Amino acid sequence: MDRAKSKELFQKAQNHIPGGVNSPVRAFKSVGGQPIFFQKAKGAILEDVNGNEYIDYISSWGPMILGHAQPQVVQAIQKAVENSTSFGAPTSAEIDLAELVCKMAPGIDKVRMVNSGTEACMSAIRLARGFTKKDKIIKFEGCYHGHADSFLIKAGSGASTLGIPNSPGVTKGVAEDTLTCSFNNIEQVEEIFSQNPNQIAALIIEPVPGNMGCIIPQDGFLQKVKTICHANDALLIFDEVMTGFRLAPGGVQELFGITADLVTYGKVIGGGMPVGAYGGRTEIMDYVAPDGPVYQAGTLSGNPVAMASGISTLQFLLDNPEIYSSLNAKALKLKKGISEILKSKNADFRINQLGSMLSVHFTNEDVLDFDSAAKGNNEIFKRFFHHMLNNGIYLPPSAFESWFLNDALSEIHIKKTLDAVDRFDI
Ligand code: PLP
């Protein structure tokens, strides 16, 4: 496969863009090699700058659930653009998207639009702190909530520890207010709450994590987390940036029948345009400015073009709910097919899958949290990634990222994918 133009562009990109990319994981650091530059995409197929085609299992890290350049979404965006790309003043499109979110997601009365998942999560914890008048938050090791200071915290080994920043630039003071524990470990959650009485404002969690590969919460885990939070007057924040509108119209809240106090969104809510949102019950959301004292703002928040993209994407999902069972069936087919092939090659592996999220871990242990995900064999993953790429299959360039299927993925694409896995020499 000739990728000369991508190589050339990557060289050039490094002159004026740090690392040649505008978001680190795009640089292929954990798998080696060079990123691919794309020029267009349609449905489930990406085309790079050399004209090579790839079946897309990243879907722009989640947003493109309907596939690329979906006609209704494109049309809605084009129509919006003609009426100006920004007013910095209210438009009816913001109401339409807010109404759709409140209709689709359980327990949300009001929602504030922002421009990214990071903004949604950082605003949600500020709101939780303002509402509860407490400072500390709990997050889970391996869960990613964007790049705001409070979230770039690494847990120490073993039991829960005070946070240590894992990026220079995050102050000790900020890190000390972020407590961490292992996903699926309810005892640690209990322990942290009992060690920090009346200090924890909120617990933020990816209810189905996708940032250490896909991880499935064990039976009862999320419900127990909610019970502990409420027993301690802390808010439960579901970060549904990946799962919202993807695993079900109402996200994990609907799928597991558990509502959170605040929910954050990104990715699918913007259908490929920069949109994030956070929402919850009126009594909490009324703490946000201008009604309440918790300040949060944005020049481009509720941008009309981004709203049009989000509205058409969510409306399409609402009108075509069979998409969810179809995505699940495709993911199950992939899981079954890949499992059979890898078994026949005597590989150690685990495949975690829920709806349209899936990940292959090369390990002989169940993957339930960050530690077990980190035990995966990255050398095999790297070879697997490049083998698939060279066979026209675009997987996430890290074992710590979930695959995201989109509605345009066909039986033929799945067969091609399985044929490529079959040719992998483990
Ligand atoms: N929360 C989760 C669960 C995410 O996966 C991400 C990004 O991947 C974010 C928050 C941050 O979103 P964004 O990249 O839009 O800032």
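The values are calculated or read from the model by the stated rules, or taken from the named source; none is laboratory data. Only a predicted model underlies this, so the values are computations on that prediction, with no experimental measurement involved. Cβ placement follows ideal geometry from the backbone for every residue including glycine, while neighbour counts extend to all protein chains displayed. Keep in mind that these areas ignore ligands, DNA and RNA; they rest on the heavy atoms of the full protein, side chains included. Shrake-Rupley method; radii C 1.70, N 1.55, O 1.52, S 1.80 Å.
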Within region 39-48, tally of residues that are open to solvent by less than 70 Å² (accessible area, probe 1.4 Å) and in a strand (DSSP E or B)
6
So which strands (runs of 3 or more DSSP E) stay within region 222-328 end to end and still have 2 or more residues that are over 23 Å from PHE193 (Cβ atoms) and within 16 Å of the ligand (Cβ to nearest atom)?
276-280
Taking the condition of being open to solvent by less than 50 Å² (accessible area, probe 1.4 Å), at positive phi and either in contact with a Phe, Trp or Tyr (Cβ under 6 Å, 6 or more places away or on another chain) or away from the ligand (no atom under 11 Å from the Cβ) (or both), how many residues in region 127-150 meet it?
1
Residue, nearest to the chain's Cα centre (by Cα), within region 113-122, restricted to residues that are buried (at least 22 other Cβ atoms within 10 Å of the Cβ) and over 18 Å from SER309 (Cβ atoms):
CYS121
Out of everything in region 104-126 that is farther than 17 Å from PRO209 by Cβ, assigned to a helix (DSSP H, G or I) and not small (Gly, Ala, Ser), what residue ends up being nearest to the ligand (Cβ to nearest atom)?
GLU119
Taking ASP219, is it away from the ligand (no atom under 11 Å from the Cβ), more than 15 Å from CYS143 (Cβ to Cβ) and open to solvent by less than 10 Å² (accessible area, probe 1.4 Å)?
no
Please verify whether region 343-366 includes one or more residues that are farther than 14 Å from ALA399 by Cα and assigned to a helix (DSSP H, G or I).
yes
Give the residues of region 1-28 that are within 16 Å of the ligand (Cβ to nearest atom) and either in contact with a His (Cβ under 7 Å, 6 or more places away or on another chain) or open to solvent by 100 Å² or more (accessible area, probe 1.4 Å) (or both), sorted by residue number.
ASN22, PRO24, ARG26
Residue in region 168-181 that is crowded, with 18+ Cβ neighbours inside 10 Å and in contact (Cβ under 8 Å) with a residue 60 or more places away in the chain present:
no
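Give LYS343, LYS335, LYS267 a once-over and let me know the one that is open to solvent by 50 Å² or more (accessible area, probe 1.4 Å) and closer than 22 Å to ALA128 by Cβ. Break it down stepwise before answering.
Numbers: LYS343 fails: closer than 22 Å to ALA128 by Cβ; LYS335 fails: closer than 22 Å to ALA128 by Cβ.
Exactly one residue qualifies, and that residue is LYS267.
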Under the condition of being touching a Leu at 6+ places or on another chain (Cβ under 9 Å) and surrounded by 24 or more Cβ atoms within 10 Å (Cβ to Cβ), which residue from region 254-264 is farthest from PHE131 (Cα to Cα)?
ALA260
The listed residue being within 22 Å of the chain's Cα centre (by Cα) and surrounded by fewer than 21 Cβ atoms within 10 Å (Cβ to Cβ), out of PHE316, PHE370, PHE385
PHE316
